[in-house]
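S.K.: Sharing a structure here in C-alpha cells format.
What follows draws every value from the coordinates through simple rules; no lab data is involved. Predicted, not measured: the structure shown is a model, and the values here were computed from it. In this analysis, Cβ positions are derived from the backbone assuming ideal geometry, glycine residues included, and neighbour counts consider all displayed protein chains.
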Amino acid sequence: GEDVEQSLFLSVREGDSSVINCTYTDSSSTYLYWYKQEPGAGLQLLTYIFSNMDMKQDQRLTVLLNKKDKHLSLRIADTQTGDSAIYFCAERRGSARQLTFGSGTQLTVLP
Amino acid sequence: DAGVIQSPRHEVTEMGQEVTLRCKPISGHNSLFWYRQTMMRGLELLIYFNNNVPIDDSGMPEDRFSAKMPNASFSTLKIQPSEPRDSAVYFCASSLHSGNTIYFGEGSWLTVV
C-alpha cells in the first residue's frame, strides 16, 4: 500500500467548510505538509506542522494532527470557488530532506 | 522575490530526441529536488542535491536520465533518448538545508510523441 494516503475526491458547497484527510504510516515523520495545485500550475505550499504539535491555524486553514493514529487533516473554513484545486499531503521522515507525497485530493467547490 | 524558475514550461518532442530541463533554485537555497508527476504514479522524487552534490538518486528511472548541478544557482535534468512514457510534469524544488519549507517551481510539462 501507499505510504501516504488520501481520498481522491471531495465536493463541498461554497461557504461550507472542507475537511481533507490524510493518513501516513511512518512513525518517524517529523514534519507534515499541505500543498495546493491549481490546474496547469505548480505546487503551492499552504502550511506545515511539526510532529510534536497537534494543531496549527492560519487564517481560514486549520491543520489537525493525530500522531497516535497517524492522521492529518486540513480544514478550510468558508470554502470559496478559488479553493477548487488538488490538495497534496506530504511527509518528511526523520532527518531526510525530501518529501513523500500522497496521491492528492481533488476539491471541487460547488456554487 | 523570485521563486524557483524552471524552463521550458512546455516541451513537445519526438521519441528518441534529447530533452534538457533547467532549474534555477531560490537564491540562497542549498537543497534542490527534481520530482516527476504522472497520473499513474503521482509525485515521485527523482533526485536531490545538497550543496550541489547528489545525495539521493535512487528515484532516477534508468540510465537515460541524468541530472547535474554545476553551481548553486543552476541544475539540469536530461533525458536521452526520450520515450513516450517519459511524458510527465517535471518539478524542481528548493529549500534551505536547515529549513523546513520546500518551494516548487511551476513545472516543465513534457510530451514525447
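S.K.: For a paramagnetic label modelled at 7 Å from the Cα of B:Asp63 toward its Cβ, which residues of segment B:14-46 fall within the zone defined by backbone nitrogen distances under 18 Å?
M.R.: From segment B:14-46, the list is B:16-19.
S.K.: In addition: At q = 0.23, 0.27, 0.32 Å⁻¹, what log₁₀ I(q)/I(0) does segment B:70-113 have when each alpha carbon counts as one equal point scatterer in the Debye sum?
M.R.: Values returned for q = 0.23, 0.27, 0.32 Å⁻¹ are -0.90, -1.04, -1.18.
S.K.: Tell me which trypsin sites (Lys or Arg not before Pro) from segment B:1-49 have a DSSP coil assignment and no more than 16 other beta carbons within 10 Å of their own. Don't skip to the answer; put the middle values down first.
M.R.: Values: sites: B:Arg9, B:Arg22, B:Arg36, B:Arg41; in loops: B:Arg9, B:Arg41.
In loop regions of segment B:1-49 (DSSP not H, G, I, E or B), the sparsely surrounded trypsin sites (Lys or Arg not before Pro) are B:Arg9, B:Arg41.
S.K.: Counting other Cβ atoms within 10 Å, which trypsin sites (Lys or Arg not before Pro) in segment B:56-95 have at most 16 and lie in a DSSP loop?
M.R.: Sparse-neighbourhood loop trypsin sites (Lys or Arg not before Pro): B:Arg64.
S.K.: Measuring from a point 7 Å past the Cα of B:Thr111 along Cα-to-C-beta, which residues in segment A:21-48 have an amide N at less than 20 Å?
M.R.: The answer is A:38-42, whose backbone nitrogens lie closer than 20 Å to the label point.
S.K.: I would also like to ask the following. In nm, to one decimal, how far is the modelled label at A:Asp16 from the one at A:Ser51, with both set 7 Å along Cα→Cβ?
M.R.: 3.4
S.K.: Checking the table A:Lys36/A:Lys70; A:Lys36/A:Lys68; A:Lys67/B:Lys78 against a 31 Å threshold on Cα-Cα, which pairs fail?
M.R.: Result: A:Lys67/B:Lys78 exceed 31 Å.
S.K.: Which is the longest stretch in chain B that no exposed loop site breaks, taking sites as GluC sites (Glu not before Pro) with a DSSP loop state and at most 16 other Cβ atoms within 10 Å?
M.R.: Between the exposed loop sites, the longest stretch runs B:63-113.
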